[in-house]
Structure formats: structure tokens, C-alpha cells
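The values are calculated or read from the model by the stated rules, or taken from the named source; none is laboratory data. Remember, it's a predicted structure, so these values are computed and weren't measured experimentally. Note that each Cβ is placed from the backbone with ideal geometry, even for glycine, and that neighbours are counted across all protein chains shown.
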Amino acid sequence: MKKRLVAAMLAALMVVGTVAGCGKSAGSGATTAGGSDSTVTSDGGEWTWPLAEKKELNIWIVWSNDYVENPNDLKAIQKIEEETNVHVNWQVVDASSAQEQFGLMLASGEYPDIIRDVGTYYPGGTEKGVQDGVLADLTDVVDKYMPNYQALRKSNPSLEKDTMTDEGKIVGARTITSYFGDVTGERVWAGMALRKDWLDDLGLDVPRTIDQWETVLTAFKENYPDCEAPLMIGTNGADLFSHFLSAYGCLADFYKDGDKVKYAPLEPGYKEWLTLFHDWYEKGLIDPNFMSNAADMISPADYIGTGKAGAGCEIWGLTDEVLKTQGYTTDEDFSLVATSSPVLKEGDTPQIGFATSELVKEEVGIAKTTKDLELACRYLDYWYTKEAMMLDSLGIEGESYTVDDNGTYHLSDKILDMVANGEVNTPAEAVYTYSLGTSDFGLYNWGMFDPIYEGNAAVNAYDEFNKDKFDLLLPSCMTMTDEENSEFVALYTDIETLTHENTVKFITGEQSLDDYDAFAEQLRTYNIDRCIELKQAALDRYNAR
């Protein structure tokens, strides 16, 4: 789900064989990317890049680019082919048809060597793909064939847990997030934002507490006649990140309190939050049509840009400059400011309920039918070197980016000229004529956005969003067994519907909060306690990895 939402978000913003000879080594890996020692092949020889003999691999990838039709047309990918002497036949599908295309591939029984993001599209996930005999189990080969990946995953206890199953198996290769090769969680890329120009006009500070938010939203409503939705909140009443809900110590559904799983509507904080939002709804401080206005991850640009709304959930790249460029506002004074999640009182820790700062991202699988498992593994492992990471993120040094004497990265004049000459709309699009960019393959470099957004307000948004913590969030890599998952889905489908419907009714006043205890009891008759047990079992196994 996150993958598809992020794809939609980006669209909105933009648009082994014989080895011999000399060359660059595959590397041995470390806490940071980029090793330099040769590695030993299964027959006792050395594995070095580029290969003496040209090899080919087939890779399935969800990808789109307005300027380049195939990854092989990217200059950085061409450079990677030079460095490895491996030609990739990319099987490209777009995000909108990816699930359908993946289903057709499964039905055909014919698979490429490597499948990117297989965990998202394979029914039951990557582990199920291995159990079904479709994907290769990498547990016994990762030490031999993937030294860079293995060294990286073992450099961090949390990362090691996130890249194995509950049984300790390695069923795929997770994209690992880094800052120019240093393994660290991806920078938080979404959070709350407000109309800064309105705050300045009214002499108000950026709100931090719930009370400050009420003051600001009231001022927006009273002073800007077109502001019909001072706060956009999303169709479930609590945006995808549970920004306001987290102030009360819970999230929109399941969360953890220490090592204990809880379901928010059964906890006092949920009712307290509903009481607040019902009050704000009555006062006209939140979107009166929130149940139909899609604002769960990104507040509609036409609402924010035209003054229909004053605040909502935004992403780091959706700045005032972007909204002006895209024609959503003609107000030259229009500006946005980011803020951390609300808290009840000054000094409380802001929380967030959506995993935007993970050590790992999508999972890549290798088909069991691959004719050369070692080649597939070695090639995939190459993508966990710093060399591949830089090519994959910013392109070619000297052509698409430069590094100054202080070690700071900048976009090249050539890239900036592409924007100035109208060849592309944004610096990000110019970079993507060189690299896969945010395609989440191998070692991911979120530091690429420093030069792309150099001097841009998006960088300031990072600093604000990074104040939010993830203590309430369940680990994204914890898993249920097939039996548990089947039972959970059968039970939770109706529970989720019941919760959503009642949450909306409580906020709008269609249902009185006096009935809240009856609602909570109804959840128990729907077996919510069993759902909590199933989630708890998954968390316990994850913690024991």
C-alpha cells in the first residue's frame, strides 16, 4: 500500500558464469557501502567486475519515466553495464497495471531472473513465493554470493532482523536506506504543513500543541472567507499518519505500547481524540466533507493553493514553488511551512503513525528458475556498493553531479541547464534522465535529495518532520503465518468497516459519543481481542529474531 501511495505522490510532484581477468571487485561490504577486495566464487576462483564474457539477466521492474522509455536508455544504467559487463533485459510495467501484470506473469509460469518489489505483488509476500517454489531461498547462498549485502545487514541488529524471516531465513534482498552509503533510516518525508503567509499576516507562530492548533485554525476560519476547510484530515478522520491522534498516545488502528499490541478504539486516547475532532467539526475547523475528500497522505493542491484550506498533511517536495509552477495558486505571497506532529503540552514527544523512516524498503526476489543463481546474486549484490548507489541515485560524477572540496554534493551545470532551457520541469526530472532515482533497488541513497532540493523549502521541512518519533508504530517487517493471516483477514475486514463508519459518525455527530462504550463492546463481539492476539504473536516472534 505504501509503495503505491508513494508512486502516486511522486507522480503528483513530477510528473554466474566464467570469471577471469582484471577489473573492479564486487567488494566485501561494510557498515558503509563500497568494498574493494575480490570475493571467492563457488569454484574457488575470484569474482571481479567487469566479467570477461558478456552475460545477460532479465529483471522485472515497476517503473515510469516521462523522458526515457527503458532503463537501458539511462546513462547511469549504461555505465553499470560497462562496469559489470552484464546486460539487463528490463521487463518494465507501470504502477497502475503492476498487480495485473504480475498476476499474468505468475499464471504463465515464466519468470525473469530477478523480480523487484516482489514482496508487494506476490500473494502472501516473498516468503510465500519461496514456499511455493517460485522464488529462490537465499539463506544458504547469501554468504557466498552476496558479501556486500550480508556485511551491510549484519552491521546493524535492527537491519539484520528486518532482512530475515521469523525462522531466520533470507528469502529476498531488501533495499537498504542510507545517506551516501552510511546505513541509516530514510529521512522522514511527510508531515503537517500550514499556510505560512496566513500565519505571518495574523502574527501567529507555527502551532505545536493541540491548543495552539485550535487558535490557529479558528483564526484561519474567521479571517479568510474562502477557507471552508481550515484543516484537511483525510477520509478516515485521521490522516494516514495519525498526526493528531498520536498526541493522545495511540494511532488509528493497531499500535504498540512498549512490547504490547493495542487497538486504538479500545483505548481512552481514541475517545479523547474523537471528542476533540467532534468539537472542531462543530466549530467548522476541519473539512466538512472530509469523508469524501482524499487528504489521507497529501492535502488536495487545489484546496491548499486556492485558499479553501489552511493546513493538512503534505510531503517534503510539495512546496509553494511547486504549487505555483503547477498553477494551483496565482498568489505571489503564497507560502507553506512544515511542522512536527501536534502534542498535548509543550515538551511532549511528537509521534507519527506511518513508517517513513525505515532501514529497509522494498524486497527483491530471485526466481528459482534462473539459469545462473550465482550471477543473479552477484549482480544484485553489486547494487549494494557505493559505486552502484551513486550511479543509481545521482548519475555520473562530473556529468550530472559534482562534489566540492568539503564533500558536499551539487547538481551539475548541465543538469541545471536542462531545467533552465525547459527540457525538463524540475531538477529531479533532470536527474532521472540519468538514474533510476527513487526506484528502491539495492542500496538506496536518500541523500540524493540534498542537491536536488538545495536551497529549497523542502529541506527545511525535513528538519521539522524529523522531530516526529515512531515509538507507537508496529515494525513494518513483522509477519504473520499463512494461517494467522487468513484468520486475521476474515475477522478484521468487518472490524475495520465498523471502526471506520463509527469514527466518521462520532466526528460528525451523527452518532453521540455517549454511545462510545457500546461501540467498543461491539468491537469485542466482532473478535477484536483475537486480532490483537494474532498481532501480538507476530510482534513477539519479530522481537525474538
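In table form, for the structure just shown:
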{"item": "Some residue of region 491-498 being modelled with pLDDT of 90 or more, touching a Cys at 6+ places or on another chain (Cβ under 6 Å) and not hydrophobic (A, V, I, L, M, F, W, C)", "result": "yes"}
{"item": "Test: residue in region 214-227 that is surrounded by 15 or more Cβ atoms within 10 Å (Cβ to Cβ), assigned by TED's automatic domain parsing to the domain that holds TRP280, under 26 Å from the mean Cα position of the chain (by Cα) and not aliphatic (A, V, I, L, M)", "result": "no"}
{"item": "Flag for VAL183 being hydrophobic (A, V, I, L, M, F, W, C), surrounded by 16 or more Cβ atoms within 10 Å (Cβ to Cβ), under 28 Å from LEU539 (Cβ atoms) and modelled with pLDDT under 95", "result": "yes"}
{"item": "Residues being more than 30 Å from THR126 (Cβ to Cβ) and of a type in the set (A, V, I, L, M) - total across region 445-494", "result": "5"}
{"item": "Qualifying residue in region 105-119 (condition: buried (at least 21 other Cβ atoms within 10 Å of the Cβ), part of a helix (DSSP H, G or I) and among the small types (Gly, Ala, Ser))", "result": "yes"}
{"item": "Verdict on GLY21 being touching a helix residue (DSSP H, G or I) at 6+ places or on another chain (Cβ under 7 Å) and either assigned to a loop (DSSP other than H, G, I, E, B) or modelled with pLDDT under 95 (or both)", "result": "no"}
{"item": "Scan of region 314-337 for residues that are under 18 Å from GLU186 (Cα atoms) and outside any loop (DSSP other than H, G, I, E, B), ordered by number", "result": "GLU314, ILE315"}
{"item": "Hits in region 127-179 (condition: surrounded by fewer than 17 Cβ atoms within 10 Å (Cβ to Cβ), among the small types (Gly, Ala, Ser) and more than 21 Å from the chain's Cα centre (by Cα))", "result": "GLY133, SER155, GLY168"}
{"item": "Which numbered condition MET297 fails, given (1) hydrophobic (A, V, I, L, M, F, W, C); (2) closer than 28 Å to LYS469 by Cα; (3) at pLDDT 85 or above; (4) surrounded by 15 or more Cβ atoms within 10 Å (Cβ to Cβ)", "result": "(3)"}
{"item": "Unmet criterion (only one of (1) out of contact with any strand residue (DSSP E or B) (no Cβ under 6 Å at 6 or more places or on another chain); (2) surrounded by fewer than 22 Cβ atoms within 10 Å (Cβ to Cβ); (3) not aliphatic (A, V, I, L, M)) for ASP381", "result": "(2)"}
{"item": "Qualifying residue in region 355-372 (condition: in a loop (DSSP other than H, G, I, E, B), over 20 Å from the mean Cα position of the chain (by Cα), buried (at least 24 other Cβ atoms within 10 Å of the Cβ) and modelled with pLDDT of 90 or more)", "result": "no"}
{"item": "Filter pass, GLY395 being assigned to a loop (DSSP other than H, G, I, E, B), small (Gly, Ala, Ser) and surrounded by fewer than 19 Cβ atoms within 10 Å (Cβ to Cβ)", "result": "no"}
{"item": "Condition met for ASN485 (out of contact with any Asp or Glu (no Cβ under 8 Å at 6 or more places or on another chain), of a type outside the set (Gly, Ala, Ser) and closer than 26 Å to ILE286 by Cα)", "result": "no"}
{"item": "Check on LEU194, outside the structural domain of ALA98 (by TED's automatic domain parsing), buried (at least 17 other Cβ atoms within 10 Å of the Cβ), more than 26 Å from MET105 (Cβ to Cβ) and more than 25 Å from the chain's Cα centre (by Cα)", "result": "no"}
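Per-residue answers, yes or no, for (1) among the polar types (S, T, N, Q); (2) at positive phi:
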| residue | (1), (2) |
| --- | --- |
| GLU127 | no, no |
| GLY133 | no, yes |
| ALA151 | no, no |
| ASN156 | yes, no |
| LEU159 | no, no |
| THR175 | yes, no |
| PHE180 | no, yes |
| ASP197 | no, no |
